[in-house]
1. So if I check each of LEU78, LEU48, which one is at pLDDT below 85 and either within 23 Å of ILE31 (Cα to Cα) or outside any helix (DSSP H, G or I) (or both)?
2. Is it the case, given these coordinates, that LYS133 is under 20 Å from the mean Cα position of the chain (by Cα) and either closer than 21 Å to ILE83 by Cβ or among the basic types (Lys, Arg) (or both)?
3. State all residues of region 95-138 that are modelled with pLDDT of 75 or more and in contact with a Phe, Trp or Tyr (Cβ under 8 Å, 6 or more places away or on another chain); if no residue qualifies, say none.
4. Quick one: how many residues across region 22-68 are among the hydroxyl-bearing types (Ser, Thr, Tyr) and within 10 Å of the chain's Cα centre (by Cα)?
5. Kindly provide the set of residues from region 75-88 that are buried (at least 17 other Cβ atoms within 10 Å of the Cβ), out of contact with any Leu (no Cβ under 8 Å at 6 or more places or on another chain) and touching a residue at least 12 places away in the same chain (Cβ under 8 Å), ordered by number.
6. Sort through LYS133, LYS128 and tell me the only one that's exposed (fewer than 11 other Cβ atoms within 10 Å of the Cβ) and within 15 Å of PRO73 (Cβ to Cβ).
7. Is at least one residue of region 7-25 of a type outside the set (Phe, Trp, Tyr), touching a Pro at 6+ places or on another chain (Cβ under 9 Å) and either outside any helix (DSSP H, G or I) or crowded, with 17+ Cβ neighbours inside 10 Å (or both)?
8. Take the conditions at pLDDT 75 or above, surrounded by fewer than 10 Cβ atoms within 10 Å (Cβ to Cβ) and either in contact with a Pro (Cβ under 8 Å, 6 or more places away or on another chain) or among the hydrophobic types (A, V, I, L, M, F, W, C) (or both) and apply them to LEU92. Does it pass?
Amino acid sequence: MIKKPKHYTLFLYVGLLLIVIAISTSVVSIIEIKGNELLLSNAQTIGLSIEEIWSYEGALQWWQNAYWTMILPTTIILIISGITVIVYPNLLSFTQKTFLKNHSFNMIEKKDALKKDILMIEVNSMLKTITKKETKLKEEKKELVTLREKWQLKINEDIQNKEDNIQKLRIEINDLKYAGKEINKLSNLPQEMK
């Protein structure tokens, strides 16, 4: 049986705390992203104005960028650190016991090399996944920018059309006022002739 180090429970609590912090940070971020996506998907039924939609789109973009660039890597690092802190005392006591029994560095060196190889493979696969997701996020961001520009053009066209209609109505009102004055003059004309 492997003897536990003196501060084993401290290592256990610190490791668990790191893992809980990582998971809760990731969950909060995902909740924020899904909440903004839900609001934007139901924007018309809720009755949001264009400014509110834009603010939610900006918040969604910020949370997505923050999640993929800061929160996810931090979460991965915290989880790996937490697991390492939990496993470290057991690993340390095991390696010390093995070293004392065998008086050989060969076994420890092979294990360390194997662990490093495994960790490098895992890190490389994580980096590939992160790179793919970043590329996908950039494409989605470009689509959102294009969609926002289309909406802005449509809004500007609607505003211009309404201003043109208002101008036409003003001209028609002025024409009607002028015609009314002319009619009044003509209706007053026969009375003066009498």
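1. Values: LEU78 fails: at pLDDT below 85.
The conditions single out LEU48.
2. Details: under 20 Å from the mean Cα position of the chain (by Cα): yes; either closer than 21 Å to ILE83 by Cβ or among the basic types (Lys, Arg) (or both): yes.
So LYS133 passes the test.
3. Hits for region 95-138 are ILE130, LYS133, GLU134, LEU137.
4. Here is the first cut: in region 22-68, the ones among the hydroxyl-bearing types (Ser, Thr, Tyr) are 24-26, 29, 41, 45, 49, 55-56, 67.
Now restrict to residues that are within 10 Å of the chain's Cα centre (by Cα): 29, 67.
Total meeting the criteria: 2.
5. Across region 75-88, the qualifying residue is only THR75.
6. On the way: LYS133 fails: exposed (fewer than 11 other Cβ atoms within 10 Å of the Cβ).
Being exposed (fewer than 11 other Cβ atoms within 10 Å of the Cβ) and within 15 Å of PRO73 (Cβ to Cβ) holds for just one of LYS133, LYS128, which is LYS128.
7. yes
8. Values: at pLDDT 75 or above: yes; surrounded by fewer than 10 Cβ atoms within 10 Å (Cβ to Cβ): no; either in contact with a Pro (Cβ under 8 Å, 6 or more places away or on another chain) or among the hydrophobic types (A, V, I, L, M, F, W, C) (or both): yes.
For LEU92, the condition - at pLDDT 75 or above, surrounded by fewer than 10 Cβ atoms within 10 Å (Cβ to Cβ) and either in contact with a Pro (Cβ under 8 Å, 6 or more places away or on another chain) or among the hydrophobic types (A, V, I, L, M, F, W, C) (or both) - is not met.
The values are calculated or read from the model by the stated rules, or taken from the named source; none is laboratory data. Owing to the predicted nature of the structure, the values given are computational and were not obtained by experimental measurement. Cβ atoms come from the backbone with ideal geometry, glycine included; neighbour counts cover every protein chain shown.
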